[in-house]
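J.: Dumping the structure here so I can ask a few things about it.
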Ligand SMILES: Nc1ncnc2c1ncn2[C@@H]1O[C@H](COP(=O)(O)OP(=O)(O)OP(=O)(O)O)[C@@H](O)[C@H]1O
Ligand SMILES: [Mg+2]
């Protein structure tokens, strides 16, 4: 339930591993961490509105890392820097560089040759990006914001809603989201496309 989730988050202390690279050492709970991260993300969104971005700008390692840095630099020392260890999600950390380059080139090709509809291009990119899992954390929020940037700046369409219109508990929304990511892992993008506009 939503309430339980909030109570749990406010009380759960961060583990040693979760604290690694934390710049704000006074933060002790997940809830506080979420709040500071959210403030930082809102600063990044203000930075974004002042920028005019082309497809070539957006689909580059430089921009992808810069955006992550802007979203998390108040909170994490590793903001904008690729992982240096392996995780249970994502590819081997030494392959991130090359995989990201291939992904960006593929997506530019999809855009230039209209291989998929605009929404499907943004959502396929989001899914592949989070599968690479470039950074130690924040990959979910970063990949959703990247999809929003693509749909708004390249295709001049409304940003995605990512489940907020479902009027469900946070936990239910999360379950629907993770399930749609799993479907996308099996090359079925329909649920994630639907979720992103719900
Ligand atoms: N089994 C899973 N559980 C959670 N996330 C998963 C799973 N499989 C893939 N993912 C992806 O990994 C992302 C979480 O990665 P990470 O913790 O680095 O980012 P985050 O910004 O903290 O996540 P989020 O905002 O989505 O909670 C999810 O958004 C999702 O896209
Ligand atoms: Mg996380």
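Please treat every number below as a calculation from the coordinates, not as lab data. Since this is a predicted model, take the numbers as computed values, not measurements. Positions of Cβ are backbone-derived with ideal geometry, glycine not excepted, and every protein chain shown enters the neighbour counts.
J.: Test residue 46 against the stated conditions and say whether it is in contact with a helix residue (DSSP H, G or I) (Cβ under 7 Å, 6 or more places away or on another chain) and assigned to a helix (DSSP H, G or I).
T.: Answer is no for this residue.
J.: Residue 152 - would you say it is over 12 Å from the mean Cα position of the chain (by Cα) and within 23 Å of residue 35 (Cα to Cα)?
T.: no
J.: Quick one: would you say residue 171 is outside any helix (DSSP H, G or I) and either within 16 Å of ligand 2 (Cβ to nearest atom) or free of Cβ contacts under 8 Å to residues at least 24 places away in the same chain (or both)?
T.: For residue 171, the condition - outside any helix (DSSP H, G or I) and either within 16 Å of ligand 2 (Cβ to nearest atom) or free of Cβ contacts under 8 Å to residues at least 24 places away in the same chain (or both) - is not met.
J.: Answer with yes or no whether residue 111 is in a helix (DSSP H, G or I) and within 23 Å of residue 192 (Cα to Cα).
T.: Criteria met by residue 111.
J.: From the list 128, 156, pick out the single residue that is outside any helix (DSSP H, G or I) and away from ligand 2 (no atom under 16 Å from the Cβ).
T.: 156
J.: Please go through (1) more than 19 Å from residue 152 (Cα to Cα); (2) assigned to a helix (DSSP H, G or I); (3) more than 15 Å from the chain's Cα centre (by Cα) for residue 78 and return the number of the only condition it doesn't satisfy.
T.: Evaluating residue 78 over (1) more than 19 Å from residue 152 (Cα to Cα); (2) assigned to a helix (DSSP H, G or I); (3) more than 15 Å from the chain's Cα centre (by Cα) leaves (2) as the failure.
J.: With 174, 197, 124, 141 as the choices, which residue is at negative phi, within 11 Å of ligand 1 (Cβ to nearest atom) and out of contact with any helix residue (DSSP H, G or I) (no Cβ under 7 Å at 6 or more places or on another chain)?
T.: 174
J.: Select, from 147, 176, the only residue that is surrounded by 19 or more Cβ atoms within 10 Å (Cβ to Cβ) and either more than 16 Å from the chain's Cα centre (by Cα) or assigned to a helix (DSSP H, G or I) (or both).
T.: When all the criteria are applied, what remains is 147.
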